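First comes the structure, then the notes that go with it.
The values are calculated or read from the model by the stated rules, or taken from the named source; none is laboratory data. Owing to the predicted nature of the structure, the values given are computational and were not obtained by experimental measurement. Backbone-built Cβ (ideal geometry, glycine too); neighbour counts: all protein chains shown.
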Amino acid sequence: MDRQHSGEWHGTMVRSWHLTVLRFAVTRDNADRLGVLAVANEIDRLGMRQGESAHFGFFRKTSSKLCSAILQQDDAA
């Protein structure tokens, strides 16, 4: 994959992550939370070769914090 297509792929994945976070914020459904974490895991693994361990965990960590914050909000917030 060339550099331009790789950048488009990364952009698409980040937009997908944004949408899954938004969906979870609206539904607060566990299946949607798992969707956020799945997309985050996939983004953190972009560019890794098969068999490498994931050292980059920004999206997984951020997703966990966002989901926790969303769940801790009360209905009046």
task = Those residues that are within 19 Å of L71 (Cβ to Cβ) and surrounded by 13 or more Cβ atoms within 10 Å (Cβ to Cβ), I need them from the stretch 3-18; list them, please.
result = W17
inquiry  = On the basis of being over 13 Å from the mean Cα position of the chain (by Cα), part of a helix (DSSP H, G or I) and modelled with pLDDT under 90, does E52 make the cut?
reply    = no
